[in-house]
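The values are calculated or read from the model by the stated rules, or taken from the named source; none is laboratory data. This one's a predicted model, so the numbers in the text were calculated from it and none came from an experiment. Don't worry about glycine lacking a Cβ; one is built from the backbone with ideal geometry, like all the others, and counts go over all protein chains shown.
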Amino acid sequence: MLGAALLLSALEAQGVDVVFGLPGGSVIPLYDCLKDFNIRHILTRHEQGAVHAADGYARATGKVGVCFATSGPGATNLVTGIATAQMDSIPLVCITGQVSSPLLGKDSFQEAYTVGICQPVTKHTYAITKASEIPDVVAEAFFVAKTGRPGPVVIDIPKDIFTQEAPPAIDGGKVRERVALKFKAYTINKEQVRKAAKMLTEAQKPVMIVGGGVNISEKNHRLLTQLVEKTQIPVSETLMGRGVFTNEGVLNLGMLGMHGTTAANYAVQNADVILAIGMRFDDRVTSDVSKFAPKAKIIHVDIDPAEIGKNVVVDLPIVADSEEFLMVLNEVMAAVANRQEWLDELKAHTKMVKSPANSVLPPKEMFAVIDKLLDEDTIVVTDVGQHQMWAALFLNPRRTRRFLTSGGAGTMGYGFPAAIGAKFGQPDKKVVLITGDGSFQMNLQELAVVKKFRLPIKICLVNNGYLGMVRQWQEMFHNGNYAETTLDAAPNWQRLAQAYDINYVCIENLDDAAQKLAVVFNDDEPYLIDLLVDHTANVYPMVPAGCGLDEIVGDFENEA
Amino acid sequence: MKHKLAVLVENNPGVLAKVSGLFSRRGYNIDSLVVSDTEDKSVSRMTIVVDGDAKTLEQVTKQLHKLVDVIKVNDLTNDEIVSRQLLLVRVAADHDTRGEIIQLMDIFRARIIDIGRRSLIVEATGDEDKIEAIIKSLQPFGVQEIVKTGISAMVRSPKEK
């Protein structure tokens, strides 16, 4: 069997049905064999599009995302997407071609030291040296990518290996025993969970923070809701945790951190016990870490022991899978009735941001219109910038895996290809992309994929003619010196949409928004929706860098 | 504080880069690093001396554990260990000082392994304190060149039944 066929059959054995990629010299023999396998290849127009699409596919489905790229520039074009997946713990297997073995290390045409370049931004890398290694390496790569804390894995394969003969794998590939043991799930320490239950029961001002590690399990929505209803502990989500907790009312504090809600940030700063699950106390969450949650004892639950104690001092560490932890905590913790005082206090500190008075399309109200059009199954994908924060603040994803965003890396250009990947992973679900004119221009070559497959993605272009988040910082912290943040000479968006046979709608004011968007969202067609928001609207609330979470800036409605 | 770590890793190409890359990426300070194969040819052993507080060491250990190629991490700091490093030093020596240096090196059980017209080369093994002492004692004669290996360390065998 050829190395290429060995690889594709190993992918089939892992249940791979879709891969995203772009062929080049080193992977021609791989693409040559594709026709013999039951794997659908989606041709993106840039390798970065392929890796983000694989990422969106993985986030939307919970399966491992797979992409192909050729050697040299093909592989280096993946790096941003791999780093994005690594920061957000997304399982990917990226197959990169490499120059033929005899040419290795000679600065050959399209040679790059892919495993060396990718090593710092992956969970693991494999360099194949013989075709016979392929079945075991692929099996192990998938195992590593999805087991424990997920992450991206790169397999680098020289061109000559694709055409090297090796016997087919008899029993599929094997994961080395040592590696299997290394990532074996920790047995949850129930004694620690009981201690957590005790701390939470006795707490006067408890709060939960849930992150991406909770968002990856479908069951967690129910488990968390059950726990919260029983124990009356209010919940705040990190950006990566959006969609896990959907109850309405005071128990749902919304997002915390730099652009978190007043209620969430107040809760954290005044809590006496914090239960943090599947989150990693990123600086965008804690702000100045020395001022973070000064009164709280912290219970930190994470599947990765290295996260515990990394950024904040933890009082009770629990290494566990979030689902198992929630299940056990639900078992051992009794109902707590009287939290009214704390909840009232939080309610009193819930403030709504005021929209600019003379705005014709204020972001907050516009997002509220979009939110009404989302259902339980709608997958919201965002890019990075102001629109991302507005989406996180004003949209309410209704379930886990319904809010896909580049949280850790903050990769502009992520959203559009990720939305494409999400649509291929969940063809029956509505996919809404929230992007900005800055982010969208970073990967809009993938409009060709939308055109080819008539993907009914709703591209909501929050268009303000600026690199808006940078502009906001320049306004607030750099005396309004708007250095290089004006995106003039923007394309004619209508003609761009036309060029790719995609429908175009322009929304200029709030009065039109509801009706026009309802039509668009109910049409099973691709749309580019040009949302002409205020050029100078800023994202509030905001905690400026270096401040504590209680030093919030913003113009609030219910303030004297 | 200095900590000695014994790290067993897969004997793969690239594993040294993965380990050293982890240290540089996360800003941990390596004082010294020794790698060699072991009784099992598929396994290499790294002895790493890392400078940092207990919190840093905990992170180093946990992050090392996350590398797929890392088999085992042992912190030897609180163990009874023997540790050795190898020193080669070229020191200025003419016929007036040569005898004195040789006598001095005898005390340390260091050896003279090369003699030139104006210098000689001393070879010594020992723990860090001894190596430091040898270098200090040679300094008055004019140390011209120093080569040291990092530290290799092993846990002492149990003494009681």
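Can A:THR225 be described as part of a loop (DSSP other than H, G, I, E, B) and in contact (Cβ under 8 Å) with a residue 12 or more places away in the chain? Steps first, please.
Values: part of a loop (DSSP other than H, G, I, E, B): no; in contact (Cβ under 8 Å) with a residue 12 or more places away in the chain: yes.
Judged against the criteria, A:THR225 is not a match.
Quick grid of which residues meet (1) surrounded by 13 or more Cβ atoms within 10 Å (Cβ to Cβ); (2) touching a helix residue (DSSP H, G or I) at 6+ places or on another chain (Cβ under 8 Å):
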site: B:LEU57; (1), (2): yes, no
site: B:VAL68; (1), (2): yes, yes
site: B:VAL73; (1), (2): yes, yes
site: B:ILE107; (1), (2): no, no
site: B:GLY142; (1), (2): yes, no
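Among the numbered criteria (1) assigned by TED's automatic domain parsing to the domain that holds B:GLU128; (2) at pLDDT below 95; (3) not small (Gly, Ala, Ser), which single criterion is violated by B:MET105?
Unmet for B:MET105, out of (1) assigned by TED's automatic domain parsing to the domain that holds B:GLU128; (2) at pLDDT below 95; (3) not small (Gly, Ala, Ser): (2).
Residues checked against (1) over 22 Å from B:LEU57 (Cβ atoms); (2) surrounded by fewer than 17 Cβ atoms within 10 Å (Cβ to Cβ); (3) in contact with a strand residue (DSSP E or B) (Cβ under 7 Å, 6 or more places away or on another chain):
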residue: A:VAL289; (1), (2), (3): no, yes, no
residue: A:PHE292; (1), (2), (3): yes, no, no
residue: A:LYS310; (1), (2), (3): no, no, no
residue: A:ARG339; (1), (2), (3): yes, no, no
residue: A:PRO356; (1), (2), (3): yes, yes, no
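Out of the range B:1-23, which residues are away from chain A (no Cβ under 14 Å) and outside any strand (DSSP E or B)?
Within the range B:1-23, B:MET1 is the sole residue that qualifies.
Of B:LEU76, B:LEU64, B:LEU88, B:LEU120, which residue is of a type outside the set (Ser, Thr, Tyr), modelled with pLDDT of 95 or more and closer than 29 Å to B:ARG26 by Cβ?
Details: B:LEU76 fails: modelled with pLDDT of 95 or more; B:LEU88 fails: closer than 29 Å to B:ARG26 by Cβ; B:LEU120 fails: closer than 29 Å to B:ARG26 by Cβ.
The match here is B:LEU64.
Is it the case that the range A:134-148 has a residue that's within 14 Å of chain B (Cβ to nearest Cβ), without any contact (Cβ under 8 Å) to a residue 12 or more places away in the chain, of a type in the set (A, V, I, L, M, F, W, C) and part of a helix (DSSP H, G or I)?
no
Within the range A:217-244, count every residue that is surrounded by fewer than 24 Cβ atoms within 10 Å (Cβ to Cβ) and closer than 15 Å to A:ILE90 by Cβ.
Selection size over the range A:217-244: 1.
Here are some residues: A:VAL137, A:VAL121. Which one is closer than 25 Å to A:GLY212 by Cβ and not aromatic (Phe, Trp, Tyr)?
Working: A:VAL137 fails: closer than 25 Å to A:GLY212 by Cβ.
Going through A:VAL137, A:VAL121 in turn, the sole match is A:VAL121.
What helices (runs of 4 or more DSSP H), lying completely within the range A:399-496, carry at least 1 residues that are over 21 Å from A:ARG45 (Cβ atoms) and free of Cβ contacts under 8 Å to residues at least 60 places away in the same chain? Break it down into steps so the answer makes sense when it comes.
Working: elements: A:415-425, A:437-440, A:447-453, A:468-477.
It comes to A:468-477.
Which ones in the range A:159-187 are free of Cβ contacts under 8 Å to residues at least 60 places away in the same chain and away from chain B (no Cβ under 14 Å)? It would help to see each step written out before you state the result.
The initial filter retains those residues of the range A:159-187 that are free of Cβ contacts under 8 Å to residues at least 60 places away in the same chain, namely A:170-171, A:174-184, A:187.
Selection gives A:ILE170, A:ASP171, A:LYS174, A:THR187.
Within 14 Å of chain B (Cβ to nearest Cβ) and surrounded by fewer than 22 Cβ atoms within 10 Å (Cβ to Cβ): is that true of A:LYS190 in this structure? Spell out the reasoning first.
Details: within 14 Å of chain B (Cβ to nearest Cβ): no; surrounded by fewer than 22 Cβ atoms within 10 Å (Cβ to Cβ): yes.
Spelling it out, it is not the case that A:LYS190 is within 14 Å of chain B (Cβ to nearest Cβ) and surrounded by fewer than 22 Cβ atoms within 10 Å (Cβ to Cβ).
Give the residues of the range A:140-193 that are basic (Lys, Arg) and touching a Leu at 6+ places or on another chain (Cβ under 9 Å), sorted by residue number.
Step one: of the range A:140-193, the residues basic (Lys, Arg) are A:146, A:149, A:159, A:174, A:176, A:178, A:182, A:184, A:190.
A:LYS159 - this is the single residue of the range A:140-193 that is basic (Lys, Arg) and touching a Leu at 6+ places or on another chain (Cβ under 9 Å).
Looking at the range B:80-97, can you tell me whether even one residue there is crowded, with 16+ Cβ neighbours inside 10 Å and free of Cβ contacts under 8 Å to residues at least 12 places away in the same chain?
Scanning the range B:80-97, I find no residue that is crowded, with 16+ Cβ neighbours inside 10 Å and free of Cβ contacts under 8 Å to residues at least 12 places away in the same chain, so the answer is no.
Pick from the range B:42-100 the residues that are in a loop (DSSP other than H, G, I, E, B) and closer than 26 Å to A:LYS184 by Cα: which of them is nearest to the other protein chains (Cβ to nearest Cβ)? If you could, list the steps in order and put the result at the bottom.
Here is the first cut: in the range B:42-100, the residues in a loop (DSSP other than H, G, I, E, B) are B:42, B:52-53, B:67-69, B:76-80, B:93-97.
The next check asks that each one be closer than 26 Å to A:LYS184 by Cα; those that pass are B:42, B:67-69, B:76.
Details: B:SER42: 10, B:LEU67: 8, B:VAL68: 4, B:ASP69: 8, B:LEU76: 21 Å.
Of everything passing the filter in the range B:42-100, B:VAL68 is nearest to the other protein chains (Cβ to nearest Cβ).
How many residues does the range A:216-260 hold that are of a type in the set (Lys, Arg) and within 22 Å of A:GLN340 (Cα to Cα)?
Of all residues in the range A:216-260, those of a type in the set (Lys, Arg) come to A:219, A:222, A:230, A:242.
Narrowing further to those that are within 22 Å of A:GLN340 (Cα to Cα): A:230.
Counting residues in the range A:216-260 that are of a type in the set (Lys, Arg) and within 22 Å of A:GLN340 (Cα to Cα) gives 1.
Provide a single number: the residues in the range B:107-123 that are within 13 Å of B:LEU87 (Cα to Cα) and among the β-branched types (Val, Ile, Thr).
If we filter the range B:107-123 for residues that are within 13 Å of B:LEU87 (Cα to Cα), which is where we start, we get B:108-113, B:121-123.
With the extra rule that they be among the β-branched types (Val, Ile, Thr), the set shrinks to B:112-113, B:121-122.
Summing the residues that are within 13 Å of B:LEU87 (Cα to Cα) and among the β-branched types (Val, Ile, Thr) in the range B:107-123 gives 4.
If we only count helices (runs of 4 or more DSSP H) wholly inside the range A:1-90, which ones have 2 or more residues that are among the aliphatic types (A, V, I, L, M) and either over 19 Å from A:ARG149 (Cβ atoms) or over 28 Å from the mean Cα position of the chain (by Cα) (or both)?
Values: elements: A:3-13, A:28-33, A:47-61, A:73-76, A:79-87.
Passing ranges, in order: A:3-13, A:28-33, A:47-61.
Just checking, which of A:PRO120, A:PRO102, A:PRO73 is surrounded by fewer than 24 Cβ atoms within 10 Å (Cβ to Cβ) and within 14 Å of chain B (Cβ to nearest Cβ)? Walk me through how you get there before you give the answer.
Details: A:PRO102 fails: within 14 Å of chain B (Cβ to nearest Cβ); A:PRO73 fails: within 14 Å of chain B (Cβ to nearest Cβ).
Residue meeting the stated conditions: A:PRO120.
Being among the hydrophobic types (A, V, I, L, M, F, W, C), over 13 Å from B:LEU57 (Cβ atoms), within 11 Å of chain A (Cβ to nearest Cβ) and surrounded by 14 or more Cβ atoms within 10 Å (Cβ to Cβ), is that true of even one residue in the range B:24-36? Lay out the reasoning, then the answer.
Step one: list which residues in the range B:24-36 are among the hydrophobic types (A, V, I, L, M, F, W, C), which gives B:30, B:33-35.
The next check asks that each one be over 13 Å from B:LEU57 (Cβ atoms); those that pass are B:33-35.
After this cut, where a residue has to be within 11 Å of chain A (Cβ to nearest Cβ) as well, the list is none.
Taking every residue of the range B:24-36 in turn, none turns out to be among the hydrophobic types (A, V, I, L, M, F, W, C), over 13 Å from B:LEU57 (Cβ atoms), within 11 Å of chain A (Cβ to nearest Cβ) and surrounded by 14 or more Cβ atoms within 10 Å (Cβ to Cβ).
Go through the range A:278-311 and give me each residue that's within 14 Å of another protein chain (Cβ to nearest Cβ) and assigned to a loop (DSSP other than H, G, I, E, B). Spell out the reasoning first.
Taking the range A:278-311 as the starting set, the residues that turn out to be within 14 Å of another protein chain (Cβ to nearest Cβ) are A:280-281, A:289, A:300, A:302-311.
Residues satisfying the conditions are A:ARG280, A:PHE281, A:ILE303, A:ASP304, A:ILE308, A:GLY309, A:LYS310, A:ASN311.
Just to be sure before I move on: is A:VAL268 under 17 Å from the mean Cα position of the chain (by Cα), at pLDDT 95 or above, crowded, with 24+ Cβ neighbours inside 10 Å and under 13 Å from A:SER236 (Cβ atoms) in the structure I sent?
Numbers: under 17 Å from the mean Cα position of the chain (by Cα): no; at pLDDT 95 or above: yes; crowded, with 24+ Cβ neighbours inside 10 Å: yes; under 13 Å from A:SER236 (Cβ atoms): yes.
It is false that A:VAL268 is under 17 Å from the mean Cα position of the chain (by Cα), at pLDDT 95 or above, crowded, with 24+ Cβ neighbours inside 10 Å and under 13 Å from A:SER236 (Cβ atoms).
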